[in-house]
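The values are calculated or read from the model by the stated rules, or taken from the named source; none is laboratory data. Since this is a predicted model, take the numbers as computed values, not measurements. Here Cβ is always computed from backbone atoms with ideal geometry, including for glycine, and neighbour counts include all displayed protein chains.
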Amino acid sequence: MILYTYQPQNLVFPTNDDEYSKQQTLPIPGGSLVVEATNDVQSGANKYRVVRLMSTDPNMYLNSNYQPGSLLDPKFITGGME
Amino acid sequence: MNTFYHNEEPTPAPNQPQDGGKGKEGILDKIQQLGATNVPKMEESNIHVLTIIGQIEGHMQLPPQNKTTKYEHVIPQLVAAEQNKKIEGLLVILNTVGGDVEAGLALAEMISSLSKPTVTLVLGGGHSIGVPIAVSADYSFIAETATMTIHPVRLTGLVIGVPQTFEYLDKMQDRVISFVTRNSNISEEKFKDLMLSKGNLTRDIGTNVIGDDAVKYGMINEVGGIGSAIKKLNELIEKQKSQSGGDVVQ
């Protein structure tokens, strides 16, 4: 099917609401993290998988805890731009 | 996807190579995610880097599969960069397709009004509303292969076909044009010419300006990459330091 329209794709095919809730943004010292909630395969514990780090500090991108794909313990995130 | 964490007591930094076995897994992880085994460490930086990637998201939230720059995330970072005394300069790296006009202009105005030295670098693309952001800094660079598409403001989605809509868009376009001409060396006439020219984009009006041409038209200061951008930013920082030092002595 070819659809000729001036409307953007997301108006023609709206995204499911749960797609939006999959990702969340958490504040961390010095910036924020976009994470996805996942379960650990072995222990079944709740973890956050890092999707993206948002910070202007180039050093934070070298922190292996914040690299995309790494799993974080919810306890580990202490929050806040303090 | 399988995960590599199987220890009973979770450590605060699960990815750090602490013992032999875990270190190996950490390396595997790094190869999986970054394609490299280790990333360089460095000292605390006096230059902060802001990346404007994907679409510039405005009042409408885009589905999560889109890569977006959200202005509610960027604006606090810019405020922090202005306030933090340790930050002496800001490098803005752009690779954007454009997006919301109001959000883009908001970011451009924020960057242009920072008191600290700013340098922008356009890599890949700095299209439509990326253009005002690219020219907003004290000095701008564009990669030789990078492009900037200049085209008129338009609406997607529901269009109300009344003359007022056209006037509203026209005024919005004037805001973009006046910002770009105020912050770069391009004349209003030339910018409008590029914006409304025919035959450059297939079935659309506008111009796709590539690296050298952007410099030739006066929009961007210089063709260059990350090396020249950081060098220029350091120069600007030194210049500002010497000026403010002079003020104190008087």
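Among the residues of region B:70-101, those that are in contact with a Gly (Cβ under 6 Å, 6 or more places away or on another chain) and outside any loop (DSSP other than H, G, I, E, B) comprise B:Leu94, B:Asn95, B:Thr96, B:Gly98. Taking the stated definitions as given, is B:Gly218 assigned to a loop (DSSP other than H, G, I, E, B), out of contact with any strand residue (DSSP E or B) (no Cβ under 9 Å at 6 or more places or on another chain), at pLDDT 90 or above and of a type outside the set (A, V, I, L, M)? In short, yes. Candidates A:Ser21, A:Ser55: the one that is without any contact (Cβ under 8 Å) to a residue 60 or more places away in the chain and farther than 26 Å from B:Leu50 by Cβ is A:Ser21. Residues that are in contact with a Ser or Thr (Cβ under 9 Å, 6 or more places away or on another chain) and small (Gly, Ala, Ser) are absent from region B:160-180 altogether. Inspection of region B:178-194 finds a residue satisfying the criterion of being part of a helix (DSSP H, G or I), over 18 Å from the mean Cα position of the chain (by Cα) and buried (at least 20 other Cβ atoms within 10 Å of the Cβ). The residue that is surrounded by the most Cβ atoms within 10 Å (Cβ to Cβ), among those in region A:14-28 that are at pLDDT 85 or above and over 13 Å from B:Gln61 (Cβ atoms), is A:Ile28. Screening the candidates B:Leu201, B:Leu169, B:Leu194 for the property of being without any contact (Cβ under 8 Å) to a residue 40 or more places away in the chain and of a type outside the set (Lys, Arg) yields one hit, B:Leu169. B:Gly161 - would you say it is outside any helix (DSSP H, G or I), within 22 Å of A:Thr5 (Cα to Cα) and either in contact with a Cys (Cβ under 8 Å, 6 or more places away or on another chain) or in the same structural domain as B:Ile111 (by TED's automatic domain parsing) (or both)? Against the criterion (outside any helix (DSSP H, G or I), within 22 Å of A:Thr5 (Cα to Cα) and either in contact with a Cys (Cβ under 8 Å, 6 or more places away or on another chain) or in the same structural domain as B:Ile111 (by TED's automatic domain parsing) (or both)), B:Gly161 qualifies.
Considering only residues in region B:62-92 that are at pLDDT below 85 and facing another protein chain (nearest Cβ under 7 Å), the one that is farthest from B:Asn234 (Cα to Cα) turns out to be B:Pro63. Among the conditions (1) within 21 Å of B:Gly35 (Cα to Cα); (2) touching a residue at least 40 places away in the same chain (Cβ under 8 Å), the only one that A:Asn63 does not satisfy is (2). Scanning region A:56-80 for residues that are more than 7 Å from chain B (Cβ to nearest Cβ) and either closer than 26 Å to B:Val79 by Cα or over 15 Å from the mean Cα position of the chain (by Cα) (or both) gives A:Met60, A:Tyr61, A:Asn63, A:Tyr66, A:Lys75, A:Ile77, A:Thr78, A:Gly79, A:Gly80. Quick check on region B:207-250: of everything there that is within 22 Å of B:Leu121 (Cα to Cα) and small (Gly, Ala, Ser), which residue is surrounded by the most Cβ atoms within 10 Å (Cβ to Cβ)? Filtering first and then ranking leaves B:Ala214. The set of residues from region B:58-84 being in contact with a Phe, Trp or Tyr (Cβ under 9 Å, 6 or more places away or on another chain) and charged (D, E, K, R) is empty.
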